[in-house]
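What follows is calculated from the coordinates using simple rules that are stated; it is not laboratory data. Just so we're clear, the structure is a prediction, and the values are computed from it rather than from any experiment. Virtual Cβ from ideal backbone geometry, glycine too; neighbours counted across all protein chains shown.
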Amino acid sequence: MRVTVIDYKAGNLTSVLKALRHLGAEPEVTDGNLSLVEAAERIVLPGVGHFAATERLDATGLTPAIRAAIARGVPFLGICVGMQWLYAGSSEAPQQPGLGHFKESCTHFAESTEKVPHVGWNSLEVRKGSRLLAGVEPGEYVYFTHSYKGPVTNDMAAVTYYIEPFAAAVERGNLMGVQFHPEKSGATGLKILRNFLSWNAEGTE
Amino acid sequence: MITKRIIACLDVHGGRVVKGVQFVDLVDAGDPATQAARHAREGADEIVLLDITATHEGRATLLDTVRRTARELFVPFCVGGGIRTADDAAQVFEAGADKVSVNSAALKDPTLIDAIGRSFGAQAVVVAIDARRDPKASDPVRDAEVFVQGGRKPTGRRVVEWAREAEQRGAGEILLTSMDSDGTRAGFDCELTAAVSESVGIPVIASGGAGTVEHFADVFGRGKADAALAASIFHFGVSSARSLKEELAKAGVSVRLPC
């Protein structure tokens, strides 16, 4: 399967590529080759780092190409900053718009005595009917590392609690995003990536 | 609920895992890739690989070790030792590390922390601090002295002050090793760990002295650690991360289980 992994120079892709290969996919990386986005059977937008780095997606023409692919029904998975990009924007870089598929914006964790960034293994409260998180049982943990987060909305596939409830995963049709790192979340993470790779419009396995 | 992390640490020398007491008397403890995979399978929340005698000549060996270790590892993987420049860090990331830990080079040139953070994100930068209580200081704990070069060379820097600077420069986590406790299996230095953890807003990983389950419960409680590193307790079949976490859960510590 042709999985196009978008490189926007916001950190390290090695772990994501390794996990996809482990699951039998053939990831191809692009930082601006639009034909790879046009031919993609799956698109993964990873990302660790600063929201401002997504400016590169606009500069290289990837934003409209990805938008068109999503409209064609290509399954899309955003990871960490890649998920936050699906929203209107983030207070981490207010001048930089996101894709705007979800109308809300991402914000920094509220002031508290807890440590920020939120680093470590936390649990998921999975919404019924999530296809991305199918088979993830209560009490399974995934690995997070982030200071900004998406809001609690109806598009959430899972909520996690740290300082406040936030969107651990979002899902709307073929559009999916996870705040945590499935490529670093052991067997649970690989299960989620496998769900993404086997996703189809009919909802059959 | 966020869980306390148990991190398996592999001290590596010349491509092999080694363990010593207070940084000396090294003995062989196996192949890094095999050990890392075993720890992950047995419930470790994260793997740290420290090249304890990193030399320029040894870089190729280390990168090969990192590549082999990362290949089938699907938990967070941090690599440290001998990372002197942002380019060194980039090579280690390319080989498959998720985080790098910097120590001596960051003390020599603290802008290294900013530089790696800018390119790879703060979450990818762990600042490792080796500190020894200073009985001559007015506050021997907060003013514990920071050492470099594997604990061989004093810097005159004070632990809390340096940890704060590291945070301001964009470190994502602090890996704090008590040189007084390291390798003794007599318990973590909880006072030292708490002093640092309460002085910064980023997670602190406690290291040095793990010997029993109670030591871990203590450093997560009194020591206010967010994670704890263990090397000797896992080697030679003494215990596993899973059995350690099962015991910690009974003691009321929130840990990732089942794992």
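Let me spell out the model: positive unit charges on the Cβ of Lys and Arg, negative unit charges on the Cβ of Asp and Glu, origin at the Cα centre of the protein assembly as shown. What dipole size does that give, in debye rounded to 20? Could the numbers behind the result be given before it?
On the way: 49 positive and 57 negative charges, 91 e Å.
Dipole about the Cα centre, nearest 20: 440 debye.
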Can you tell me how chain B classifies by the Cα gyration tensor, rounded, prolate or oblate, using a/c under 1.5 as the rounded cut? rounded
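Placing +1 at every Lys and Arg Cβ and -1 at every Asp and Glu Cβ, with all other atoms neutral, what dipole size does segment B:1-117 have around its Cα centre, in debye to the nearest 20? Write out the running numbers ahead of the final one.
Numbers: 13 positive and 17 negative charges, 49 e Å.
Magnitude of the dipole: close to 240 debye.
Report, in listed order, any pair from A:LYS184/B:LYS19; B:LYS108/B:LYS224; A:LYS115/A:LYS149; B:LYS108/B:LYS153; A:LYS115/B:LYS224; A:LYS115/A:LYS191 with a Cα-Cα distance greater than 18 Å. Before the final figure, lay out each step's value.
Values: A:LYS184/B:LYS19 27 Å; B:LYS108/B:LYS224 29 Å; A:LYS115/A:LYS149 15 Å; B:LYS108/B:LYS153 12 Å; A:LYS115/B:LYS224 11 Å; A:LYS115/A:LYS191 29 Å.
Check vs 18 Å cut-off fails for A:LYS184/B:LYS19; B:LYS108/B:LYS224; A:LYS115/A:LYS191.
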All-pairs Cα distance distribution in segment B:133-188, expressed in whole percent, bin size 5 Å: 4, 17, 25, 27, 19, 6, 1
Can you tell which of A:VAL74, A:VAL116, A:VAL142 shows the greatest fluctuation in a Gaussian network model of chain A with Cα springs below 10 Å? A:VAL116
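Based on the Cα atoms of segment B:111-210, what semi-axes does the equivalent ellipsoid have, where each is the square root of 5 times one gyration tensor eigenvalue, given in whole Å with the largest first? Working shown, then result.
Details: eigenvalues 99, 39, 32 Å².
Over the Cα atoms of segment B:111-210, the semi-axes work out to 22, 14, 13 Å.
Loop-only GluC sites (Glu not before Pro) in segment A:57-139, please: DSSP not H, G, I, E or B, and at most 11 other Cβ atoms within 10 Å. Before the final figure, lay out each step's value.
Working: sites: A:GLU92, A:GLU104, A:GLU111, A:GLU114, A:GLU125; in loops: A:GLU92, A:GLU111, A:GLU114.
In loop regions of segment A:57-139 (DSSP not H, G, I, E or B), the sparsely surrounded GluC sites (Glu not before Pro) are A:GLU111.
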Inter-label distance, nm, simple model (7 Å from Cα along the C-beta direction), B:GLU214/B:THR184: 1.6
Charges at C-beta only: +1 for Lys and Arg, -1 for Asp and Glu. How large is the resulting dipole of chain B about its Cα centre, in Debye rounded to 20? 200
With θ set to phi - 60°, apply the Karplus curve 6.51 cos²θ - 1.76 cosθ + 1.60 along segment A:115-122 and write out the HN-Hα couplings as whole Hz, x wherever there is a Gly or Pro. 6, 10, x, 6, 10, x, 8, 10
Please provide three numbers in whole Å: the alpha-carbon extents of segment A:85-194 along the principal axes, with the largest listed first. 38, 35, 22
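Take the Cα pairs of segment A:2-197, get the Kirkwood Rh, then feed it into Stokes-Einstein at 20 °C and 1.002 mPa s and tell me D in µm²/s.
Working: Rh = 16.4 Å.
It comes out at roughly 130 µm²/s.
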Residues whose built amide H sits under 5 Å from the amide H of A:ALA169, excluding neighbours closer than 5 in sequence, are A:ALA157, A:ALA158, A:GLN179
In sequence order, what are the phi-derived ³J(HN,Hα) couplings for segment B:251-259 according to the Karplus relation 6.51 cos²θ - 1.76 cosθ + 1.60 with θ = phi - 60°, rounded to whole Hz, with x for glycine and proline? 7, x, 8, 7, 9, 7, 8, x, 9
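For A:GLU41 and A:GLU202, calculate 0.36 nm times their separation in residues minus their Cα-Cα distance, and state this gained length in nm to one decimal.
Details: separation 161, 0.36 × 161 = 57.96 nm, distance 1.52 nm.
The span from A:GLU41 to A:GLU202 would gain 56.4 nm if fully extended.
Trypsin sites (Lys or Arg not before Pro) within segment B:34-84: which are DSSP loop residues with at most 15 other Cβ atoms inside 10 Å?
Working: sites: B:ARG38, B:ARG41, B:ARG59, B:ARG67, B:ARG68, B:ARG71, B:ARG84; in loops: B:ARG71, B:ARG84.
Listed in order of number, the matching sites are B:ARG71.
Which is the longest part of chain A that has none of the trypsin sites (Lys or Arg not before Pro) sitting in a DSSP loop with at most 13 other Cβ atoms within 10 Å? Could the numbers behind the result be given before it?
On the way: sites that count: A:LYS9, A:LYS128.
Between the exposed loop sites, the longest stretch runs A:10-127.
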Directionally averaged projected area (convex hull, Cα atoms, the protein assembly as shown), nm²: 20.4
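Identify the GluC sites (Glu not before Pro) of segment A:1-66 meeting these criteria: DSSP loop state and at most 14 other C-beta atoms within 10 Å of the C-beta. Before the final figure, lay out the partial values.
Values: sites: A:GLU28, A:GLU38, A:GLU41, A:GLU55; in loops: A:GLU41.
Within segment A:1-66, the qualifying GluC sites (Glu not before Pro) (loop, at most 14 other Cβ atoms within 10 Å) are A:GLU41.
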Among A:ILE163, B:VAL213, A:HIS101 the positive-end extreme of the charge dipole of the protein assembly as shown (Cβ point charges): A:HIS101
By the C-alpha gyration tensor axes a ≥ b ≥ c (rounded if a/c is under 1.5, else prolate when a/b exceeds b/c, else oblate), the shape of segment A:19-74 is oblate
Could you grab the relative contact order for segment B:205-259? Cα pairs under 8 Å, six or more apart, rounded to a whole percent. 33
Please compute the modelled spin-label separation between A:ASP31 and B:ARG41, points set 7 Å along Cα→Cβ, answer in nm with one decimal. 3.7
Say the dipole of chain A comes from +1 at the beta carbon of Lys and Arg and -1 at that of Asp and Glu; which of A:ALA134, A:CYS80, A:SER123 then lies farthest toward its positive end? A:ALA134
Between A:GLU104 and residues 5 or more places away or on another chain, the pairs with built amide H atoms under 5 Å apart involve A:ALA88
